[in-house]
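Encoded as structure tokens, the structure appears first; notes follow it.
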Amino acid sequence: MSKDRSSKNTMENSGLSADEQLLFCNARPEPYKPYSIKAVEDFANWARANSLWILAFGTGCCSIELRPLMTARFDISRFGIAGRPTPRQSSVFIIGGYVSVKTLKRIIRSYEQMQGPKFIIALGSCPANGGMYFDSYNTINQFDLYLPVDMYVTGCMPRPEALLAAIMELKEDIKVGNCDGANRYVENLDWYKANQKKVIKNWDMPDYNW
Amino acid sequence: MIYASMSEWFGRVGNFGLTLLIVTVYGLLVGALIERIIAKVQGRVGIPYSQPFINIAKTFFKRTAVSHGIMFYLGPVFRIAGGIGTLAFIPVIYGSEMFSNFSMAGDLFLVIYFMFFGQLGMALGAGESGHPYSAIGIARGLSQMTAYEVPFALAVISIVIQYDTLSITEIVAAQQGGWQNWTVITNWVATLAAMLAFLGMTGYSPFDIFLAPQEIPIGPPTEFHSAYLSFLQINRALFGATKLVLFMNLFFGGATGWVELMIKTLLIYMVAIVVGVAFPRFRVDQGIRFFFKIPTLIGIMSIVYVQMVLA
């Protein structure tokens, strides 16, 4: 990866000290293109839709709704969905409820480490409009200012069935190739980064966490 | 081994490719079946049988991948080379020219070497990823491997003495002619030691501390993703099925057809599954102590048994 600090293809990483900058990759991510053969892309989308691995990172109280889905009553593994403990291997990030500024930083780090295509489901009212925490000093109100959201499930809290329905709809969207949140993020990276840095005051990480 | 012609050599390689394909697909299907059995125990339905194949396609078709260096690339390659190498020297179907692979005199040593090789390659690759949980997983996995290799090696030495050969084909040949000739009957002490070691080899609980999804995010392969991970997934199925075939050959009389092979290997695998769903996880020090105590003693007893009783 490039260590050149002045090029258009690199990130500034100004939140890090000069010594630390040498430790991190500073390349700017690029949007990916679909496979040129349509049948290959369709097959890949079908495989992606039928094997969704959810990052095991409960960011708020709504993530408690994930547990019934995993166990005997709903058994989400029937649909090819499994929990995955590491962001490197997972493809779905479920934002479980309110997002405090402190958590947002961790969410960004985890999301950027996931490998594309990656999808975000925003669960509950709080990521959509702040919900009952709309006037809180330390939670954000509108999550898609900071990361691209593919599917919303509103409610406080939503039932597990609602989340299951959202995942099913996400699968249909992936199959037809509509879910391109990861590309939207990379194409509008400067806008997203500006929004993120507006709320995260102690930005002591690289601009893009490879 | 000397081949009469180039075309014969290509034929052997082609046959091995076919064996490799069958064993890998079988390993993936058995993996799905086992997942479904575990799910039934927990009152769930479980994954579809096609799920392991879809997972591999999914990880293979990921659009991005980051690298941590050359060893990081080579880790999965070494791992799958270990899996293929292990299978290459095991005769899968007894009496079949086609599915004997590259079995030869002394292949048992090569097989045991290759079983080590993959794990060590993986340790190097995962080490370069730089993730602290990878390092913890490797430390635990390798120490557990050292522990279960002791009873396994003792059991292998015991049957090598018993049959006076290092060729797996000859060991299988000596067990033909009915179940009363199987090693599990003639040398049950060695089989017991090896089956206890087998529990550690499969990595189900109580010996799954090195994977530990909740505590150290799945251990050594934490950083592996995209196509690297699809290699590891393929190898997991291939290597798992290969170990089953090896155990079937050494202790349960081998197989003369694919149906016999599938029934026998599934039953051997069920031993690990029944223990796995029934017992909670050992800590790494408890696991190592376990292997160094009773299974090792049984392994030593099996050598004594061969020398005193069978000689």
Check your understanding: Is it true that A:L164 is part of a helix (DSSP H, G or I) and either of a type in the set (A, V, I, L, M) or modelled with pLDDT under 90 (or both)?
Key -> yes
Practice item. Test B:T19 against the criterion of being touching a His at 6+ places or on another chain (Cβ under 8 Å), crowded, with 19+ Cβ neighbours inside 10 Å and either facing chain A (nearest Cβ under 8 Å) or more than 21 Å from B:A227 (Cα to Cα) (or both), and give yes or no. Key: no
**Study point:** Test result for B:S230, within 21 Å of B:G31 (Cα to Cα), within 9 Å of chain A (Cβ to nearest Cβ) and among the hydroxyl-bearing types (S, T, Y)
**Key:** no
Exercise for review: Determine if region A:10-27 includes at least one residue that is farther than 25 Å from A:W210 by Cβ and small (G, A, S).
Suggested key: no
Review point. Scanning for something crowded, with 22+ Cβ neighbours inside 10 Å, touching a strand residue (DSSP E or B) at 6+ places or on another chain (Cβ under 6 Å), in contact (Cβ under 8 Å) with a residue 24 or more places away in the chain and within 14 Å of chain B (Cβ to nearest Cβ), does region A:112-128 turn up at least one residue?
Key: yes
Exercise for review: Name, by its number, the condition in (1) within 14 Å of chain A (Cβ to nearest Cβ); (2) more than 19 Å from the chain's Cα centre (by Cα); (3) open to solvent by less than 40 Å² (accessible area, probe 1.4 Å) that does not hold for B:G137.
Suggested key: (2)
Review point. In region B:280-300, is there at least one residue being at pLDDT 90 or above and among the charged types (D, E, K, R)?
Key: yes
Point to revise | Search result, residues across region B:229-256 that are modelled with pLDDT of 90 or more and charged (D, E, K, R) | key: B:K243
**Study point:** Where a residue in region A:60-89 is more than 7 Å from chain B (Cβ to nearest Cβ) and part of a loop (DSSP other than H, G, I, E, B) and its partner, wherever it lies, is open to solvent by 40 Å² or more (accessible area, probe 1.4 Å) and of a type in the set (S, T, N, Q), with Cβ under 8 Å and at least six apart
**Key:** A:T71/B:Q42; A:P87/A:Q113
Review point. Of all residues in region B:75-108, how many are in contact with a helix residue (DSSP H, G or I) (Cβ under 6 Å, 6 or more places away or on another chain), part of a helix (DSSP H, G or I) and open to solvent by 40 Å² or more (accessible area, probe 1.4 Å)?
Key: 2
Revision key, fill the gap. Per the filter on region A:25-47, residues open to solvent by less than 10 Å² (accessible area, probe 1.4 Å) and farther than 29 Å from A:M205 by Cα are A:A44, A:A47
Revision key, fill the gap. Listed by first then second residue, the pairs whose first member lies in region B:34-54 and is more than 9 Å from every other protein chain (Cβ to nearest Cβ), whose partner is open to solvent by less than 50 Å² (accessible area, probe 1.4 Å) and assigned to a loop (DSSP other than H, G, I, E, B), with beta carbons under 7 Å and at least 6 positions apart or on separate chains, are B:R36/B:G46; B:R36/B:I47; B:K40/B:G46
Exercise for review: Would you mind telling me which numbered condition in (1) assigned to a helix (DSSP H, G or I); (2) under 30 Å from B:T19 (Cα atoms) B:Q307 fails?
Suggested key: (2)
Point to revise | Criterion: crowded, with 24+ Cβ neighbours inside 10 Å and either away from chain A (no Cβ under 14 Å) or out of contact with any Gly (no Cβ under 6 Å at 6 or more places or on another chain) (or both) - qualifying residue of B:F252, B:F207 | key: B:F207
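The values are calculated or read from the model by the stated rules, or taken from the named source; none is laboratory data. Note that this is a predicted model, so its numbers are computed, not measured. Cβ sites come from the backbone with ideal geometry, for glycine too, and all protein chains shown count toward neighbours. Side chains included, ligands, DNA and RNA excluded: accessible areas come from the protein's heavy atoms. Shrake-Rupley method; radii C 1.70, N 1.55, O 1.52, S 1.80 Å.
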